[in-house]
1. Using alpha carbons only, how many degrees (0 to 90, rounded to 10) separate the axis of helix 8-24 from the longest principal axis of the chain?
2. Using +1 at the Cβ of each Lys and Arg and -1 at the Cβ of each Asp and Glu in the chain, identify which of N419, Q481, L371 lies farthest towards the dipole's positive end.
3. Relative contact order of the stretch 500-679, please, whole-number percent, based on alpha carbon pairs below 8 angstrom and at least 6 residues apart.
4. For the chain, what is the calculated [θ] at 222 nm in deg cm²/dmol (nearest 500), taking -39500 (n - 2.57) for each run of four or more DSSP H residues and dividing by its residue count?
5. Rounded to the nearest 20 debye, what is the charge dipole size of the chain about its Cα centre when +1 sits on each Lys and Arg Cβ and -1 on each Asp and Glu Cβ?
6. Pairs to check: K149/K428; K583/K663; K508/K645; K432/K531; K122/K211; K131/K308. Give those whose C-alpha atoms are more than 21 Å from each other in this structure.
7. Need one number: convex hull volume per residue for the stretch 374-454, Cα atoms only, in Å³.
8. What's the percent breakdown of Cα-Cα distances in the stretch 327-493 across 5 Å bins, shortest bin first?
Amino acid sequence: MEYQFRNKEISWLSFNERVLQEAEDKDVPLDERIMFLGIYSNNLDEFFRVRIANLKRLKDLARKRKISFEDDNPGQVLSEIKMIVNQQREKFERIFNQILQEYAQHKVFLVKHDNLNQEQEKFVKKYFNEKVRPKIFPMIIDKRYRIPKLKDKALYLIVEIYKSTAAKKYSLIEIPTKILPRFIKIPSPPEETAVMLIDEVVRYGFPSIFKFFNIDSYHSYNIKVTRDAALDMDDDINISYLNMVNKSLKKRKLGNIIRFVYDKKMPKDLFSMLNSKLHLREVEFSLPGGRYHNFKDFMSFSKVAPVKSRNPVTPIIPRQIKNQETVIEAVNRCDILLHFPYHSFNTVIDFLREASIDPKVESIQITLYRLAQFSSVVNALINARRNRKRVTVILELQARFDEKANIYWAGKLKEERINLIFGVKGLKIHSKLCMVTRREGHHKKYYCCIGTGNFNEDTARLYTDTYLLTANQKIGREVAQVFDFLTTTYNIGQYHHLIVSPILTRDKLVEKIKREIKFAQAGLPASIDIKVNNFADRKIIRNLYQASHAGVKIRLIIRSFFSLIPGVKRMSENIEAISIVDKYLEHSRYFIFNNNGNEEVYISSADILPRNIDRRVEVTCPIYHRDLKKEIIDIFNLHWNDQRKARILDASLSNQYRSGDPKSRSQDTIYQYLNEINQTW
């Protein structure tokens, strides 16, 4: 049997297309729709910085060393990506214009610099002179002068300056979006809201900026570059790990240009000059865009231009925690599952706070990957150290695009003399573990928090994640072994309950898939349910194809990368797959194996990707309590039965919505389900 695989980068673009669908959906509140455009743009920026940069390096390597690719030829993949991105750009602009029209119906207007009334002009002039002009430093450019290296994430205006008595001049202006807000509310009639982008404020100020030249007229166009975001780690063992990451972050800002985006109205002669000065012939993607770039800023547009949105939901307090009972007391009595954002993240903060002051607690150990801007998690750990607890933090400095924030927190933790470890060389620490060791009588007891997502109270309001709070000592001893491995870097340990990457994950998953195959071959019920963010490990995919061929029923819920091709006769006809994009980012990861009716249920920090299986420390944790196993299975089924936000992942990547009851929207029904079981506990 010849197995087929889909290129994961192409599959990711299909995921981002689903984000665009949310922006287009008129049943989605208007402020969320424009936010989804911002999410789409932010996603695409990161895709270019990382995935396209990797493909470009592979293409260059293949050309230099004359390497041939049997499949996934990087040059061909890049060509297909360019076509898809251009198609999506046209759709993006059409949706943006539709959304602006709908905002206008709500009396919210995005105002340009040349369309101001007298009162607005007075306000903008004052704002420009007081706030903007001191931050503007234009550079005059022409054929004789080089353009300085443009910064990644920065936004620029290239300005044509016309003067009747002299040749046309050009100027480059960096828009100060890092120190001034992107959106400014300006005076408007009652019941209306007028918003101006800082881009337009800068345009308004051109006569003031360039008054030295006695301008006759000018035209301006937004441009931006996206640079290779790879961290080129230095192997010099005399440089501390912290300094290595710092050095690599500085290199990132000047990485090779991967994408150049420009206003499609830019004249050909101006583009030609930029093409020459920026060496754009060497850039794989020079893409026309609209009037505004760095559209990720529109994720916060609703803060300045609010319209009626959904009523916020009230987070649920877990049913197992009774009034006046501490979290540690509740966990000692029974395991607890937390499902964010439906449950309150305060339970985790309470768990850490209690541990920080409990006289019986001896130590706290935790892995941290991405942290909130103002982290209560870190504050609880600092408080524990001040209360003379032993605190060990395994901090992953290479959490992509959060390296700078994590370096900041590393400094804070070191100031408090917390035992800070930056992980194991060659492995990213992506597991989500916290272990509290408590002295109870003559014995020590482990209380563990094991999750699918970060210890981050900000993202816990936006991402769906699941945490297990447990005092199961069999699991606790194995969590202790993981921390032992992370702190000593040589003691791997023996695992009978946890599945740990990079040691066990692929082999254990394959073992469980093969067991389902045997059940199916024996005529017994056999099924596998998996929910992950990304799925592209070819060995596991091959085994799922074999399972499908044997008659195992397989259901997959995949958010983004997806290399398996479902529904193909004699290969994957027993595999169905969907993707859900809704108001919360689907981030929880579940593995459910039928096991002849004695279901095995796991939550995991790991996606099914080679990087998670081979190059990261990940933990997949079993759920043993009967009611909690049923809870995970029920939640998976509620996702699977989604008739509103589920798209079918088929061979053509058509992103067709399921048809059915529009009320069957999983993120709503899961909240209702958790509320109901809370009340009947």
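Just so it is clear, none of the values below were taken in a lab; they were calculated from the coordinates. In this text, all values refer to a predicted model and were calculated from it rather than measured experimentally. We place every Cβ from the backbone using ideal geometry, glycine too, and count neighbours over all the protein chains shown.
1. Long axis of 8-24 versus the principal axis of the chain: about 70 degrees.
2. About the Cα centre, the residue reaching furthest to the positive side is N419.
3. Values: 348 pairs, mean separation 39.2, N = 180.
Contact order relative to length: 22 percent.
4. Numbers: 19 runs with 247 residues, N = 681.
Mean residue ellipticity, 222 nm, calculated: -11500 deg cm²/dmol.
5. On the way: 113 positive and 82 negative charges, 414 e Å.
Computed about the Cα centre, the dipole is about 1980 debye.
6. Working: K149/K428 31 Å; K583/K663 15 Å; K508/K645 32 Å; K432/K531 17 Å; K122/K211 19 Å; K131/K308 31 Å.
The answer is K149/K428; K508/K645; K131/K308.
7. Values: hull volume 9.5 nm³, N = 81.
Spread over its residues, the Cα hull of the stretch 374-454 gives 117 Å³ apiece.
8. Calculated P(r), rounded to whole percents: 2, 9, 18, 23, 23, 16, 7, 2, 0, 0.
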